[in-house]
Structure formats: C-alpha cells, structure tokens
Amino acid sequence: MAVRTLTIDSKQVSAEEGTTILGAARDAGISIPTLCHLDGIYDVGACRMCLVELAGSPRLLPACTTMVAEGMDVRTQSDRLRRYRRMILELLFAERNHVCAACVSNGHCELQTMAYSQGMDHVRFAYQSPLLEVDLTHASFGMDHNRCILCTRCVRVCWHIEGAGTKNVSGRGTHARIISDLNQPWGMSETCSACGKCIQACPTGALFRRGMTAGEMERDRTRLEFLVNAREKKQWNV
Amino acid sequence: MDLKDLLALKEKELAARKPIVIRCCTAAGCLSSRGEAVKERLERAVYDAGLGERVEVRGVGCLRLCCQGPLVQVDPDNLLYERVTPEEAGSIVDALNGEKVSVARGNPNDPFFTKQQSIVLANSGVVDPNRIESYVAADGYQALHQALHEMTPKAVVEEMLASGLRGRGGAGYPTGLKWATVQKAAGAKKYVICNADEGDPGAFMDRSVLESDPHSVLEGMALGAYAVGADQGYIYVRAEYPLAIARLQTAINQARRLGVLGSAVFESPFHFNVDLRIGAGAFVCGEETALMASVEGKRGTPRPRPPFPAESGLWNCPTLINNVETFANVPAILRRGGAWFAGIGTERSKGTKVFALAGKIRNTGLIEVPMGTPLRVIVEEMGGGAPDGASIKAVQTGGPSGGCIPAEHLDTPVDYDSLNKLGSIMGSGGMIVMDDSTRMVDVARFFMEFCMDESCGKCIPCRAGTVQIHGLLAKVLAGEATARDLGQLEELCDLVKNTSLCGLGQTAPNPVLSTLRFFRREYEELLLPDPFAVKLAVPEGTVSVEIR
C-alpha cells in the first residue's frame, strides 16, 4: 500500500492510500465531528458535520468520504466551519421533537453531546413540531420518530452487518421516515431477526430497548408484602 | 445493413416523396389541442379530393410556436396555419386547389422563426418521428456508419473535443473531456446513459426532442458508446412523458430491426443495446448519481462525488452520462465536423441552445438560437415581448437552480459564463418571462417550495434548510417578517448552498439569492419594523465596531 503525506490543521500526517480524511485525522489525534459516520459500516456523507476546508478547492468536502491525496492541506476548524456545524445542529433540533429531558438517551446521546461540544446553546430557527408516530409494536424494541435524525446508521447495519434488510427509508425530504419492511409496524416485520444492532447503532433515542423509557417502569406492590413475610414469618413461598 | 443499403433506403424514401407535403405537428402540445384529429381530417380531405398521388400528410414533431397550436405547415409554399381545428382542417386541402382558406395563417417569416438556427431541432417538424426511414432520408445514421468504418474511437473523441460542445443539462461540463475520461477509464464493462429526466418547471426542450426526433438521440448515444467502449445504454425518461417513451420505444425497435442498434452494427464488431428506464417522478433523479441509483433499482438518492460516474458509475463501472440535447448534437457534429460546430456561438460557449420560452410572453414555444444571442433578441424580437402592453420585469433561467435576470440586463448574451456572472445559470433551457405584475418574493417562494418538496431528505442542510427558508419567505410574504428574519434568510441560503450534498441543494438558494440581489427592495418593503431596534445617540468621533 502506498503511503500519502498530507497536512491536517498544520500537522504533518501520513496515511495509507484509500484512507479517508476522517480516518487519517483520527489516527493523528485530530477529532472531526460526525453524526452519520459509524465505525464498521460504509459512509454516506449525509450529515455534513464533518465538512472540512481543502486548500485550493472552493467546495467544502465531507471528511468521511473524501480519500487522502498527496500534499493535501486540510483545515478541520475555522469560524466558517464552526458556524455551519452549529447551524446544522440547530436545523436538526428544530426539525423534529428533540426533548432531552424526556428522552431515554438523555446524557448519552450523540446529538446532545455534539450540540454541547459545538457550542450550540440555543435554536434560532422555527420549531417545526411535527406530529410523529412512536412504533411500539415490536416485542423488544421501540422506534420514536420524534428523535430520529435520519442518519441511516440503522439501515446500514441492518442491511450490511446483520443482512436482514428490515430497515429502510420511505418518503422524501421532510417526509422521509425510517420504516420496517414495506412500511409495516415493526412488530409485524417478517425479516427482522430482533438482533438489536440498530438499537446499538442509533446515535439518539430514536431506537431503544423497550422498558427503558421514561414512564415505562411499573411498581409491583405485592413485592413489599413478600419481603415483609419472608423476614417476619420466614415464609419464602408466595 | 451497410452503407449501400442505408443510402438505398434514403433514395427509396426520397423517391416516394410527393410534391406537396402537409406537415402536422404531433408533439404533446399540439396533440393536447386535438392535433391528432386535425391530422386525420387532413388525411381524409386529401383522399376525398383525390389528391393522394400528389399530397402527403405527414405527422411530424414540434413546429415550435406552441402557443398557436395545433400547427400545420404546407410545403413547398411554406404556408403556416395556426390554431387549426379538425372542423376547419379540410379547407387547408381545398386551398391547394385555389379555394379560399378559412384557417388563420401564421407568418413563417416572423423573427420567432427566422432568428433560429437549428442543429438539435433540425429534424424537428420535418421528419416523422415514428418512421426510421424518415430519419434516414435526412442523412440519419450516416455519422454512425462513418465513425464505425472510418474513425477510431479516439478520433471520435477528438472531434468532440474540437467541437467545444458543453453539457446541455445545465452545468456546462465540456462533453469531449467527459468522453475522453470515460474512454481512458479502466474497465471491461462500460455504460452510456442518456439523462431524460427533465424536471425544471416550465422546461420542455428534451421532451420535444424525444418526441420529434428520437433517432438523433439514439445515434448520439451509439456514437458515444463507440467512442468510450460501451455496449449497453439506458435512457432514463420520466414517467410523465408517455408520448416520448412510446416514440423512443418505437425508435429503439426500428433501429434494432434495421441493424443500427444491436449486435454487429453496420457489419462492424461494434454492438450496442439501448433500454428504457422509467423514472417514478422524483426531481432529484435528474442528478446523475441519484439517477444511476434509480437505474440500479435502489432508492434514488445522490451520493458524494468523487468518484465521478466517468470513473465509477452504474454498478461501479465507468459510465458516460449526458443529457438528451447533448446527445442530439453529436450526429451533426460528426457529420459536419467539430470545426464547423466550433464556428457557431461564442468563445467559450459553442453551438446553439434550445430554450423553452414560457411565461408572460406573446410567443411561447420552442426556440434554438446560437450561443451568445442577447436575451433581448430572444425575449423582445422572437418572443414578441409581454402581452397586453405590459413591460418585462425579469427573465428566469435555469429553473429552481437558476436565477432571475432583471430587465436592465436584457442585453446580456446568452452563454454559460455571462449568465453565471449574473448569479443565474444556463440550466437545461427553461426560460420563464415575467412582467411587472409578478412579485419576485413570490417567485422565490415558489421555487423554494419546489426544492423543499423535491429534496430527497438525505443531507440535513437541504432537507431541513429548505423548510426553514421556505418558512421565512412565507413569513416575508405575509408581512410578518423583520430585518432579522431577512438576515437569517441570507445566512440559511449561504449554509444550504455551501454544505448540501448534491446539486439540488447547492443550487436551491439561487432563486432567493438572485432576487435578493436585484430586487432587494421588494423584500424590504414587506418587512415589519424591527421591534428590538434601539436607536442610540452616538457621540461624534466614535469608531463603529461590529459585534458578533
């Protein structure tokens, strides 16, 4: 494999031919923000968070799908890039109903973390507040479209890692939705192998394991009685 | 089939010609106003008058002055009849015997016709699109024979480079260069694709070419396939063009039967098949990478370039993809030479361009003019200006990816670079004329709504940004926006233009940006006073510092 040398943020970096700018930067300890990228599956360049400046190119390029080339001079941080990244995050937060306080992923959500790290502390754009569905038909998993950012990580792991081909995208533009099979309720899907890879791939709380969401825990009062009886009457059987 | 057979077919077709030809437009525009019935009546009238030996009634492609359809033209006297009804059609035949005609006569010497120069549309309105013999009689498929037997693929590419032809889909990439890249690309299997997914509102050039002269596109594709070494071609047509699809299918079948498509074309080792792929109505499928995904049977969404299709396209093979009008130019270029083509047009934009004139203009229809023709000539002389004495306010080119050129810039020559300088683009050829009754903010809102609906949803700036821009434009129109909203509008346009994944998003803000550039007043007149504006008395000698 041929080696290419390039400059990322004024740092000399070498990388194997066929490596992406994102890969080369991460190897060199330079972090570039991403949302749709997930190690282990192919990149689609959709979220535009990883756009970088390339000396001599008028266009911004996605670091996740642009291959390194000899002598490249890449900038991953600039006022302009930071402004664009913040605006993209603002657009996402205004697009659907991202209410962190009531989300299963609160505290460990990539979108939330990204907003913190990019300094997006408020949203200036009009909230669209769309009326969206929550699919709780599957025995083990749930899908909340309010929290989906359409990164298609779930679609990619479903097709290319699990090979089930359950998840897909329907509609276009603002009407685009992640669907199961031919837009059936997830629980009625004939292809879903319930492997749970999509749950692990999701950057937000859109895909989750059931029983973990806020408000889903139910109290079992008979358990109290059992404990008291066990201690005081040594009665272990119910 | 060899050259002798081809020329024999041409001679046979020419020998069968009758002294008088009545040409009836059977393109979609005229058909929609009973053009088919007009043709039937004319045929009946010719039969009834016993003129069958002397008169031919020929269904042809677009006769161009669409607003006056159905059109009928009579040769050799060069008489043009407009708005022909089936009831009156018979009187056109009566007129051949010297009787008075009751049908409105058009003027074939109007600047609308005389200022045109036809290369792409040379056969449009002349040949019968349903008969390959008619195309062969107009020297059709001779360029293909010549290329296969007298030229190397390299020589074909060189001829294209010499012609200076640039892509007619809108972006204007040099066609010869694209062909050379695909030719040099390594790969045992290569493809040729014709992009016929014309979707700009108000544009109908490609539809007319396909309906009027499908064989020129097929011949252009075959020449491209020979040049780059491909053996399979696809034409991606939108389902909204049923007539174009039908005529293309007829043309492909006829070309196969004649042996100009299929295996061993003209008894050479070259073989080439063409199949149709029908689009399901998504505008974004006109973007080349989305189009190829759709041909592969996948969801029609674009992917980042590079790799460009020339390197890795359909099923990851090197692919030559050009627009309908680009391919339709090719046979003429090879027949008459690249140097001839390069002699037409301007320094950096060669040849002619077909435009679909529409909107507030007297003569709506199809025109083909040399590159560099001033907009004023097109709009005022050929188009006849705005109807009812109104004055022209702006001309919109390039559809949802283009911009509005204000009346004071009407002397701009129409070529790729001049239009770019004005913040518009050549585009595929839609030209919408607006008079002073048009509100420019409304125009911007219309095109933004179009882009918002047609965004595929893959990348965030285009999917969510167009929604926000559209919302702000609606707010401006409702009289509820402030100067802050206008600032946000410009900021969002900048974001969507610079960060979107494909051409749809990258050009979507153009109608807003160009109307803001030339008609900013119209936006500002609709704004509310800013409730947060604070007027402070500034002490003299203070240096102003911009705070972000």
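The values are calculated or read from the model by the stated rules, or taken from the named source; none is laboratory data. What you see is a predicted model, and the numbers here were worked out from it, not measured in a lab. Methodologically, a virtual Cβ is constructed for each residue, glycine included, from the backbone with ideal geometry; neighbour enumeration extends over all protein chains shown.
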Pairs returned, first residue in the range B:437-455 that is at pLDDT 95 or above, second residue that is part of a loop (DSSP other than H, G, I, E, B), beta-carbon separation under 6 angstrom, 6 or more apart or interchain, are B:C451/B:A508
Could you go through the range A:74-87 and let me know if any residue there is closer than 30 Å to B:G471 by Cβ, assigned to a loop (DSSP other than H, G, I, E, B) and either at pLDDT below 95 or of a type outside the set (S, T, Y) (or both). no
For the structure I just gave you, tell me whether B:L375 is within 21 Å of the chain's Cα centre (by Cα) and crowded, with 21+ Cβ neighbours inside 10 Å. yes
Looking at B:E325, B:E347, which is the one that is closer than 22 Å to B:G29 by Cβ, out of contact with any Leu (no Cβ under 9 Å at 6 or more places or on another chain) and not small (G, A, S)? B:E325
Please work out which residue is surrounded by the fewest Cβ atoms within 10 Å (Cβ to Cβ), limiting yourself to the range A:88-114 and to residues that are among the small types (G, A, S) and in a helix (DSSP H, G or I). A:A101
Quickly run through the range B:267-293 and pick out the residues that are crowded, with 17+ Cβ neighbours inside 10 Å, within 14 Å of another protein chain (Cβ to nearest Cβ) and part of a loop (DSSP other than H, G, I, E, B). B:A282, B:E287
When the range A:45-59 is checked residue by residue, the ones that are in a loop (DSSP other than H, G, I, E, B) and buried (at least 19 other Cβ atoms within 10 Å of the Cβ) are A:G45, A:A46, A:C47, A:R48, A:M49, A:C50
Of the residues that sit in the range B:477-514 and are of a type in the set (A, V, I, L, M, F, W, C) and over 22 Å from B:E454 (Cβ atoms), which one is nearest to the other protein chains (Cβ to nearest Cβ)? B:A481
A:I199 passes all but one of the listed conditions (1) within 18 Å of A:C103 (Cα to Cα); (2) outside the structural domain of A:L111 (by TED's automatic domain parsing); (3) in a helix (DSSP H, G or I); the exception is number (2)
Residue ID - farthest from B:G170 (Cα to Cα), chosen from residues in the range B:495-523 that are surrounded by fewer than 17 Cβ atoms within 10 Å (Cβ to Cβ) and free of Cβ contacts under 8 Å to residues at least 40 places away in the same chain: B:R521
Could you pull out the residue among B:P214, B:P174, B:P201 that is assigned by TED's automatic domain parsing to the domain that holds B:N253, farther than 26 Å from B:S312 by Cα and surrounded by fewer than 24 Cβ atoms within 10 Å (Cβ to Cβ)? B:P201
Here's a check for you: in the range B:233-258, which residue that is polar (S, T, N, Q) and in contact with a helix residue (DSSP H, G or I) (Cβ under 8 Å, 6 or more places away or on another chain) is surrounded by the most Cβ atoms within 10 Å (Cβ to Cβ)? B:Q254
Selected residue (criterion: farthest from the other protein chains (Cβ to nearest Cβ)) from residues of the range A:32-73 that are of a type in the set (G, A, S) and in contact (Cβ under 8 Å) with a residue 12 or more places away in the chain: A:G40
Being within 12 Å of another protein chain (Cβ to nearest Cβ) and within 25 Å of A:S57 (Cβ to Cβ) is the filter here, so list the residues in the range B:294-310 that pass it. B:T301, B:P302, B:R303, B:P304, B:R305, B:P306, B:P307
Leading residue by the ranking (nearest to A:L89 (Cα to Cα)) among those in the range A:133-158 that are assigned to a loop (DSSP other than H, G, I, E, B) and within 14 Å of chain B (Cβ to nearest Cβ): A:I149
Can you tell me which of B:V127, B:V192, B:V182 is touching a residue at least 12 places away in the same chain (Cβ under 8 Å), in a helix (DSSP H, G or I), in contact with a Ser or Thr (Cβ under 9 Å, 6 or more places away or on another chain) and buried (at least 24 other Cβ atoms within 10 Å of the Cβ)? B:V182
Any idea which residue in the range A:1-59 is modelled with the lowest pLDDT, counting only those that are closer than 17 Å to A:G71 by Cβ and out of contact with any strand residue (DSSP E or B) (no Cβ under 9 Å at 6 or more places or on another chain)? A:S57
When residues of the range B:407-426 are limited to those that are part of a loop (DSSP other than H, G, I, E, B) and small (G, A, S), the one nearest to the other protein chains (Cβ to nearest Cβ): B:G423
Selection count, the range A:32-50, where residues are out of contact with any Lys or Arg (no Cβ under 8 Å at 6 or more places or on another chain) and within 13 Å of A:V74 (Cα to Cα): 1
All but one of (1) surrounded by fewer than 22 Cβ atoms within 10 Å (Cβ to Cβ); (2) out of contact with any Leu (no Cβ under 8 Å at 6 or more places or on another chain); (3) not in a loop (DSSP other than H, G, I, E, B) hold for B:Y135; state the number of the condition that does not hold. (1)
Select from the range A:161-188 the residues that are surrounded by 15 or more Cβ atoms within 10 Å (Cβ to Cβ), part of a loop (DSSP other than H, G, I, E, B) and within 13 Å of chain B (Cβ to nearest Cβ) and list them in ascending order. A:R172, A:A176
Is it the case that some residue within the range B:427-434 is within 28 Å of the chain's Cα centre (by Cα), within 11 Å of another protein chain (Cβ to nearest Cβ) and modelled with pLDDT of 95 or more? no
Just to be sure, is A:L38 under 22 Å from the mean Cα position of the chain (by Cα) and under 16 Å from A:Y84 (Cβ atoms)? no
